[in-house]
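Peer 1: A single structure is presented below for examination.
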Amino acid sequence: MAEPMRIRATMAGDVADVKVLMNHPMETGLRKDAKTGQLVPAHFIQDVTATINGAAVLNADFGTAISKNPYLGFKVKGPKKGDKVVVNWVDNKGDKNSAEATIG
Amino acid sequence: MNALRRNVLKGTAGAGTVAIAVAAGLLKPTQAMAAWNKAAFEAKNVGDAMKGLGVAGPADSKEIAIKAPDIAENGSVVPVEVTSSIAGTTSIAILADKNGVPLVGTYNLSGGAEGYISTRIKMVQTSLVRAVVNAGGKSYTAAKEVKVTIGGCGG
């Protein structure tokens with residue numbers, strides 16, 4: 001799961017609007033494979049953290065009911081243009097990914 | 001400094017000590033909250049999910065706005081936006097009442113993060129989408145019904 005993840009951060013007044021699109025199948029563990037009839041094992045993002053200039057702003061836990069290729073939008077008051085946003089996720093199999101963006 | 005560290009290690013006051021340690025900046029919130037809330041995410045009904053989140057009897061609030069479609073044609077992708085205007089909002093949880101596992105996600109906010117979360121969720125059938133907000137040690141909730149034409153949990 002090293003597929004890239006997309007992240008965009010823009011300032012609107014004094015609030016930074018951050019949008020993240022992660023690449024992940026988000027399998028619930030309840031779906032059957034159409035060909036084999038076997039259950040597809042659960043595989044989903046569990047933990048997402050976001051920091052701005054190294055300070056934590058969001059710590060999210062996901063369940064299986066977050067849609068495939070999760071979209072996450074959040075807003076943070078206070079940062080300036082040029083500050084660095086970093087988003088990390090870890091899934092139930094221990095896979096992880098990270099992306100960063102500069103607030104513009 | 002050292003005495004406090006000892007206290008944290010001994011866990012004399014349990015969660016309270018951890019909260020103090022977080023407030024004192026000894027533990028980064030990311031470390032303290034890293035554990036995925038298994039009990040809440042495996043609960044099969046809203047009551048148990050709330051219990052798992054440590055929420056008891058949240059008050060209905062008009063200051064929480066849930067933006068979601070009235071009718072979702074495809075239950076596997078339902079856009080949901082939660083905005084909490086309650087001052088001091090520290091966390092938002094999103095639940096879909098009739099999903100097999102109602103809890104969708106929890107979002108702990110810190111460092112200037114506003115009471116706003118936008119996401120896309122799966123819904124198995126027509127149900128209330130509920131937001132639970134913690135602010136200033138109290139819990140608040142709001143819900144909005146979303147009609148689902150094709151359920152989104154079977155794939």
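Peer 1: Could you sort B:131-143, B:67-79, B:108-120 so that the peptide with the highest average Cβ count within 10 Å comes first and the rest follow in order? Don't skip to the end; give the middle numbers.
Peer 2: Numbers: B:131-143: 19.2, B:67-79: 16.2, B:108-120: 21.4.
The most tightly packed comes first, giving B:108-120, B:131-143, B:67-79.
Peer 1: Two-decimal Rg/Rh of the range A:1-61 from alpha-carbon positions, Kirkwood Rh?
Peer 2: Details: Rg = 16.5 Å, Rh = 14.4 Å.
Result: Rg/Rh = 1.15.
Peer 1: Quick one: of the DSSP bridges fully inside the range B:36-150, what percent are antiparallel, nearest 5? Walk me through the intermediate numbers first.
Peer 2: On the way: 31 of 36 bridges.
Antiparallel bridges: around 85 percent, rounded to the nearest 5.
Peer 1: So if I average 1/r over every pair of distinct C-alpha atoms in chain A and take the inverse, what Kirkwood radius in Å does that give? Intermediate results must be reported in sequence, preceding the final value.
Peer 2: Numbers: mean 1/r = 0.0685 Å⁻¹.
Answer for chain A: a Kirkwood hydrodynamic radius of 14.6 Å.
Peer 1: Could you run the Karplus curve 6.51 cos²θ - 1.76 cosθ + 1.60 with θ = phi - 60° over the range A:30-44 and give me ³J(HN,Hα) per residue in whole Hz, x for Gly and Pro?
Peer 2: Once rounded to whole Hz, the list reads 10, 8, 9, 5, 4, 7, 9, x, 8, 5, 7, x, 4, 8, 8.
Peer 1: Farthest toward the dipole's positive end in the range B:36-150, which of B:SER127, B:TRP36, B:VAL146, given Cβ charges of +1 (Lys, Arg) and -1 (Asp, Glu) about the Cα centre?
Peer 2: Looking along the dipole axis, the top candidate is B:TRP36.
Peer 1: Next question, about the same structure. About the Cα centre, and with charges only on the beta carbon of Lys, Arg (+1) and Asp, Glu (-1), how big is the dipole of the range B:36-150? Nearest 20 debye, please.
Peer 2: On the way: 12 positive and 10 negative charges, 39 e Å.
Once rounded to the nearest 20, the dipole reads 180 debye.
Peer 1: Could I ask something else about it? How far apart, in nanometres, would the label points at A:ARG8 and A:LEU21 be if each is projected 7 angstrom from Cα along the Cα-to-Cβ direction?
Peer 2: Between A:ARG8 and A:LEU21, the simple spin-label model gives 0.8 nm.
Peer 1: Where the centroid of each part is defined by its Cα atoms, how far is the range A:28-104 from the range B:122-146 in Å?
Peer 2: Cα centres, the range A:28-104 to the range B:122-146: 20 Å.
Peer 1: To the nearest 20 debye, what charge dipole does chain A have about its Cα centre, counting +1 at the Cβ of each Lys and Arg and -1 at the Cβ of each Asp and Glu? Numbers along the way, then the final one.
Peer 2: On the way: 14 positive and 11 negative charges, 51 e Å.
With Lys and Arg at +1 and Asp and Glu at -1, about 240 debye.
Coordinate-derived values only; no laboratory data. Everything quoted here is computed from the prediction, not taken from an experiment. Backbone-built Cβ (ideal geometry, glycine too); neighbour counts: all protein chains shown.
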